[in-house]
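Student: This is the structure I have questions about; it appears just below.
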Amino acid sequence: MADQTELLASALPEYRSGPIPDDVRTVARSSVLDWLGVTIAAASSEPVRGLRSVLRPEAAPGGSTLVGGGRTTPLLAARLNGTAGHVLDFDDVLASFGHPTVPVLPVALALAEDTGSTGDALLRAFIGGIETEARVSDLVGARHYEAGFHSTATLGVFGAAAAAAMLLELDGSETQTALGLASLSSAGLKAAFGSWGKSLQVGHAAAEGLLAALLARAGATGPQPGLGGTQGYLSTHRVTPDPTVREEVDAPGRPWRTTDMLFKYHASCYGTHSSIESLLALRTEAHGADVREIRLGVSPRHIGMCDQTDARTELQGKFSLAFTSALAWLRGSAGEADFRPESLADTAVQDLATRVRVIEDAERDFSTTDVTVQLADGRTLRSAVNMAIPAPAGELAAQWNRLETKFRRLTAPLLPSGVVDRLVAAVAGIDRSPTLTGLTAALAAAGDALHAPTTVTR
């Protein structure tokens, strides 16, 4: 059997120049738009301001745009934009992996702009990165995440390296070196959930994946044989036994993993979405009845991920099944505004959160939460909405429209309407554009508006 690192590297030329189906491109464009929206909305957040104050990107001139304004080196742009894209925890998901776009797209954007690449080259590099990190996830297995690794970061570094390798046009040997070097920087722990650390380690993955590719181009050597070997990445980062581990690497397009993308319409950890959706449906049957208790039967993957109790900060709230369930039942929503201090101080929400019981069910799949609502009048309501079903090809246009609505909702309070329109148009036509100047000019205008909010008009 061919070495797994070699197989991963050999797929990249196919992503770079081979046919990409229309549905894959459509989902990829949707992910670009979604990432831009959540990143712009977080560009002035406390974690991003803190990171910028330490890294001082303004002192390192370069050709890559920062979503919050300014330009810097590709490495700093990848780290800062990668961090910003995950602050709200509102970015897209692959059920088998984590958040796939946020460690990859900042690298593709920063490097494509710096090298003068086409929009098509950027989108192809992004798709190649998604496909690569999903395949590394298959090789590592699900228990990697259950053991406490934050796979968005630990596996995202490989997607970042792959995207960079494509844009830098590395050969097969150089790409294998890049992936091997990326394995040395794979880092991220679920212990960071609810803190700045969750988004910071994603920015780290983006920057380190790019650095690995740049070093490979410069002639660096890396671990042999890549991700394999008795002391290599796969041997050390798999948790055994794990029946989900795969030894083979899928060929490009067999299947396309990009089309498995899931998008978030609630501003919290994706592990909370099944319970939120179930409770939104059940509350219409309750007709205002008081709740005695809410019980949530969850998979082992939820434990240690989104089972925080007594949420008192925005980030804690986003990773609390109890708090998000109370929001869904009492307010009928779990949007970005629902995690502001006034919501966290809402005694009715906090009181109901204390009556939410999270129960681990070893037989339950991650995609659903078994929700049981005991009402004070004696009635029992039950639901389990499956959140791991991607949109079929016939519904991708509707999905784009829904994501455009989300994008506009996030950006309209921050940007002039004309800038919002320019960003949407630039993403919609990105793979038909010979340059990225339309997108980057719109991003620069967005950065200016973020620093001069009084000029925003609608």
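Student: If you take the square roots of the eigenvalues of the alpha-carbon gyration tensor of the range 26-110 and sort them as a ≥ b ≥ c, do you get rounded (a/c under 1.5), prolate (a/b over b/c) or oblate?
Tutor: prolate
Student: Right, another one. Modelling each spin label as a point 7 Å along the Cα-to-Cβ direction, I'd like the residue 54/residue 23 distance in nm, to one decimal.
Tutor: Rounded to a tenth, the inter-label distance reads 4.3 nm.
Student: Place a point 7 Å from Cα of residue 265 in the direction of its Cβ. Which residues in the range 89-112 have their backbone N less than 17 Å from it?
Tutor: The answer is 90-93.
Student: State to the nearest 20 debye the size of the charge dipole of the chain about its Cα centre, where the only charges are +1 on K and R beta carbons and -1 on D and E beta carbons.
Tutor: Dipole of the chain, to the nearest 20 debye: 840 debye.
Student: Expressed as a rounded percentage, what relative contact order does the range 215-356 have, with Cα pairs under 8 Å and six or more residues apart?
Tutor: For the range 215-356, the relative contact order is 23 percent.
Student: Same structure, new question: What lysines could a cross-link reach from residue 406, if we take a straight Cα to Cα line under 22 Å and drop same-chain neighbours fewer than 8 places away?
Tutor: 264, 318
Student: Test of understanding: what is the full-extension gain from residue 380 to residue 254, defined as 0.36 nm times their sequence separation minus their Cα-Cα distance?
Tutor: 40.9 nm
Student: What is the magnitude of the charge dipole of the range 98-196 about its Cα centre, with +1 placed on the Cβ of each Lys and Arg, -1 on the Cβ of each Asp and Glu, and no other charges, expressed in debye to the nearest 20?
Tutor: Computed charge dipole of the range 98-196: roughly 420 debye.
Student: Shifting gears a bit: Specify the inter-centroid distance of the range 205-259 and the range 280-339, based on alpha-carbon positions, in whole Å.
Tutor: 36 Å
Student: Rounded to the nearest 5, what % of DSSP beta bridges with both residues in the chain are antiparallel?
Tutor: Values: 16 of 21 bridges.
Percent antiparallel among DSSP bridges in the chain is about 75.
Student: Taking the Cα-to-Cβ direction at residue 16 and at residue 359 and moving 7 Å from each Cα, how far apart do the two end points lie in nm?
Tutor: The modelled label-to-label distance comes out at 5.4 nm.
Student: Rank 56, 79 by accessible area, highest first, at a 1.4 Å probe radius?
Tutor: Listed by decreasing accessible area, they come as 56, 79.
Student: Distances over 19 Å make up what percent of all Cα-Cα pairs in the range 54-193?
Tutor: Counting every Cα pair in the range 54-193, those more than 19 Å apart make up 49 percent.
Student: Which three semi-axes in whole Å describe the equivalent ellipsoid of the range 276-413, each the square root of 5 times a Cα gyration tensor eigenvalue, listed largest first? Don't jump to the answer; show the numbers that get you there.
Tutor: Working: eigenvalues 119, 78, 53 Å².
Semi-axis lengths for the range 276-413 are 24, 20, 16 Å.
Student: While we're here: Expressed as a whole percentage, what fraction of the accessible surface of the chain belongs to carbon and sulfur atoms when a 1.4 Å probe is rolled over the protein heavy atoms? Mind dumping the intermediate values first?
Tutor: Details: 8990 of 17180 Å².
Roughly 52 percent of what the probe reaches on the chain is carbon or sulfur.
Student: Quick one: compute the contact order of the range 314-455, relative version, from alpha carbon pairs under 8 angstrom and 6+ residues apart, as a percent. Kindly include the intermediate steps, with their values, before the conclusion.
Tutor: Values: 91 pairs, mean separation 19.3, N = 142.
Rounded, it is 14 percent for the range 314-455.
Student: Another question, then. Around residue 71, which amide H atoms from residues at least 5 apart in sequence, or from another chain, sit under 5 Å from its own amide H, with H modelled in the peptide plane?
Tutor: So residue 71 has HN proximity to 66.
Student: How large is the translational diffusion coefficient of the range 353-402 in µm² per second when you combine the Kirkwood radius over alpha carbon pairs with Stokes-Einstein at 37 °C and 0.692 mPa s?
Tutor: The diffusion coefficient I find is 234 µm²/s.
Student: Still on this model: Given +1 on the Cβ of Lys and Arg, -1 on the Cβ of Asp and Glu, and no further charges, what dipole in debye does the range 297-353 carry about its Cα centre, rounded to the nearest 20?
Tutor: Values: 5 positive and 8 negative charges, 36 e Å.
Roughly 180 debye for the range 297-353.
Student: Further, regarding this structure: What residues qualify as long-range amide H neighbours of residue 293, i.e. H under 5 Å apart, gap of 5 or more or another chain, H built at 1.01 Å from N?
Tutor: 374
Student: In addition: Relative contact order of the chain, please, whole-number percent, based on alpha carbon pairs below 8 angstrom and at least 6 residues apart.
Tutor: 20 percent
Student: Sorted by average packing, counted as other Cβ atoms within 10 angstrom per residue and highest first, what order do 268-278, 302-312, 235-245 take?
Tutor: Top to bottom by mean Cβ count within 10 Å: 268-278, 302-312, 235-245.
Student: Calculate, in whole percent, how much of the Cα-Cα pair population of the range 236-338 lies beyond 23 Å. Show your work: numbers first, answer last.
Tutor: Numbers: 2281 of 5253 pairs.
Of all Cα-Cα pairs in the range 236-338, 43 percent lie more than 23 Å apart.
Student: Relative to the first principal axis of the alpha-carbon coordinates of the chain, what is the inclination of helix 156-167, with its axis defined by its Cα atoms, in degrees from 0 to 90 and to the nearest 10?
Tutor: For 156-167 against the chain, the angle is about 40 degrees.
Student: With the Cα gyration tensor of the range 181-266 giving a ≥ b ≥ c as the square roots of its eigenvalues, does the rule (a/c under 1.5 for rounded; else a/b larger than b/c for prolate; else oblate) give rounded, prolate or oblate?
Tutor: rounded
Student: Whole-Hz ³J(HN,Hα) for each residue in the range 92-106, computed from phi via Karplus 6.51 cos²θ - 1.76 cosθ + 1.60 with θ = phi - 60°, x for glycine and proline: what do you get?
Tutor: Going residue by residue, I get 5, 9, 10, 4, 8, 9, x, 9, x, 6, 5, x, 9, 4, x Hz, with x marking Gly and Pro.
Student: Along Cα→Cβ, 7 Å out, is where each label goes; now give me the distance between the ones at residue 189 and residue 333 in nm to one decimal.
Tutor: Going from the residue 189 label point to the residue 333 one covers 3.7 nm.
Student: Moving on to the next point. For the chain, what is the accessible area per residue in Å², given a 1.4 Å probe and the full set of protein chains?
Tutor: Spelled out: the 1.4 Å probe surface of the chain, per residue, equals 38 Å².
Student: For the range 112-266, which semi-axes, largest first and in whole Å, follow from the square roots of 5 times the eigenvalues of its Cα gyration tensor?
Tutor: 23, 19, 17
Student: Same structure again: How far, in degrees from 0 to 90, does helix 172-184 lean away from the longest principal axis of the Cα atoms of the chain, to the nearest 10?
Tutor: With both axes taken from Cα atoms, the answer is about 40 degrees.
Student: Below 16 Å, Cα to Cα, which aspartates and glutamates can residue 190 reach? Residues fewer than 8 away in the same chain don't count.
Tutor: Result set, ordered by chain and number: 89, 146, 307.
Student: Express the C-alpha Rg of the range 341-458 as a ratio against the empirical globular expectation 2.2 N^0.38 Å, rounded to two decimals.
Tutor: That works out to 1.62 for the range 341-458.
Student: OK, next. If we sort 80-87, 325-332, 247-254 on the protection proxy, mean other Cβ atoms within 10 Å, highest first, what's the order?
Tutor: Ranking, from highest mean packing down: 80-87, 325-332, 247-254.
Student: May I ask you to derive the FRET efficiency for residue 412 and residue 230 from their Cβ-Cβ distance with R0 = 51 Å, giving the value to the nearest 0.05?
Tutor: Rounded to the nearest 0.05, the efficiency is 0.40.
Student: Turning to a different aspect of this structure: Work out, in µm²/s and without decimals, the Stokes-Einstein translational diffusion coefficient of the chain at 10 °C, 1.306 mPa s, Rh from Kirkwood over C-alpha pairs.
Tutor: Rounded, D is 72 µm²/s.
The values are calculated or read from the model by the stated rules, or taken from the named source; none is laboratory data. These figures come from a predicted structure and were not determined experimentally. Every residue, glycine among them, receives a Cβ derived from its backbone with ideal geometry; neighbour counts consider all protein chains shown. Accessible surface is based on the protein model in full, side chains and every heavy atom, while ligands, DNA and RNA are left aside. Shrake-Rupley method; radii C 1.70, N 1.55, O 1.52, S 1.80 Å.
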